[in-house]
C-alpha cells in the first residue's frame, strides 16, 4: 500500500497495519539476511565472445576458466559466495572456505561446494556437472527435488527438475580447455550449441530431425566450421553458407 494512504488511514482512526509475524523478534530477519545481503552486492560480470577463452581469479582466490560465449555474474558476500551461470560453460577451481559455501546457479539447477574443482556447462536445456576434485552437490531447480553428491571423476546433469544417473568420465582425457570435445553420443543440436561457443560464425540447424541425430567421437574445437563440414560428409547432411552464418540441413 502507498505510504501516504497508510498514514491517512492511521490519522482517521483505522487500525494500523501490523507487519509483525508470530515468530520471535528478529527470527525472520535472520532467515533471509544472508541471501538479502548477497543480493545487495553488485555482481562482477565475467564474459567471453565466441571463440574466446578467459581465466579470471576472484577476490577469494577461486580460479575460473570461461569457455567462449559464456557469461557469469559473481557475488562474493561475507557469508556465502554465489555465481550465476547465465550462459555457456566454465571450469571452477574453488578456494576452500568452510564459512562461505560456493554455489553456482542456473535456471536448471545449482551446484554447491566448499572447495573443489569442477566443470559446469549450461546447454540444451540442462546443467551438466563434471567433478575434477573434491565433492559437489548437484540439485535441480524446484522447491522439492532430489540431490546428488558427486565426487572426483563423476558426471551428472539436471534437466526439467530431474537428475540424470551419475556416470564416470576419464579424468586424463583432454577437455575444452585444451581445445577438445570427447563424447560417447551427443545430439547434433547440443554439439552445435557447443561449437557456437568456439565459432565466430554462427551455426544453425534448419532440420529438427538432424538436431536430434546423435554423433560420437573426439573433436577438435579450434576449427568448428571445418568440423561441421567433415561431419556433413560422414552423416550425409548439407552445409549452406548464408550472410548470417552456416545452416545445416538434410
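Any read-out appearing in this document is the output of simple, stated calculations on the displayed coordinates, not a laboratory observation. Note that the structure is a prediction, hence the values are computed from the model and not measured. Cβ atoms come from the backbone with ideal geometry, glycine included; neighbour counts cover every protein chain shown.
Spin-label point model (7 Å from Cα, Cβ direction): what's the residue 204 to residue 54 distance in nm?
So the two model labels end up 2.6 nm from each other.
Take peptides 223-230, 180-187 and line them up by average Cβ neighbours within 10 Å, highest first, as a rough protection proxy.
Values: 223-230: 16.9, 180-187: 14.2.
Ranked by mean Cβ neighbours within 10 Å, highest first: 223-230, 180-187.
Would you mind computing, in nm to one decimal, how far apart the modelled labels at residue 240 and residue 226 are, each placed 7 Å from Cα along Cα→Cβ?
Rounded to a tenth, the inter-label distance reads 2.6 nm.
Taking neighbour Cβ counts within 10 Å as the exposure measure, how do 42, 159, 105 sort from fewest upward? Write down the numbers at each step before the final one.
Numbers: 42 7, 159 16, 105 19.
Fewest-to-most ranking of 42, 159, 105: 42, 159, 105.
Rank these for me by crowding, 91, 102, going from fewest to most other beta carbons within 10 Å.
Numbers: 91 21, 102 24.
Ranking 91, 102 by Cβ neighbours within 10 Å, fewest first, gives 91, 102.
What shape does the stretch 146-218 take by its C-alpha gyration tensor, where a ≥ b ≥ c are the square roots of the eigenvalues and a/c under 1.5 counts as rounded, a/b above b/c as prolate, and the rest as oblate?
On the way: a/c = 2.12, a/b = 1.37, b/c = 1.55.
Here the stretch 146-218 falls in the oblate category.
Can you work out D for the stretch 32-168 in µm² s⁻¹ from Stokes-Einstein, where Rh is the Kirkwood radius over C-alpha pairs, the temperature is 4 °C and the viscosity is 1.567 mPa s? Intermediate results must be reported in sequence, preceding the final value.
Working: Rh = 14.9 Å.
Estimated diffusion coefficient is 87 µm²/s.
Let a ≥ b ≥ c be the square roots of the eigenvalues of the Cα gyration tensor of the stretch 91-134; is it rounded (a/c under 1.5), or, if not, prolate (a/b larger than b/c) or oblate?
Values: a/c = 3.31, a/b = 1.70, b/c = 1.95.
In terms of gyration-tensor shape, oblate.
What do the square roots of 5 times the Cα gyration tensor eigenvalues come to for the stretch 120-250, in whole Å, largest first, as semi-axes of the equivalent ellipsoid?
Numbers: eigenvalues 174, 59, 30 Å².
They are 30, 17, 12 Å, listed from largest to smallest.
Quick one: grab the alpha carbon gyration tensor of the stretch 176-249, order the square roots of its eigenvalues as a ≥ b ≥ c, and give me rounded if a/c is under 1.5, else prolate or oblate depending on whether a/b is larger than b/c. Don't skip to the answer; put the middle values down first.
Working: a/c = 1.69, a/b = 1.16, b/c = 1.45.
In terms of gyration-tensor shape, oblate.
Zone of residue 218 (label point 7 Å along Cα→Cβ, backbone N under 20 Å): which residues in the stretch 151-192?
153-155, 168-187, 191
On a full-extension model of 0.36 nm per residue, what is the gain between residue 170 and residue 141, subtracting their alpha-carbon distance, rounded to one decimal in nm?
7.7 nm
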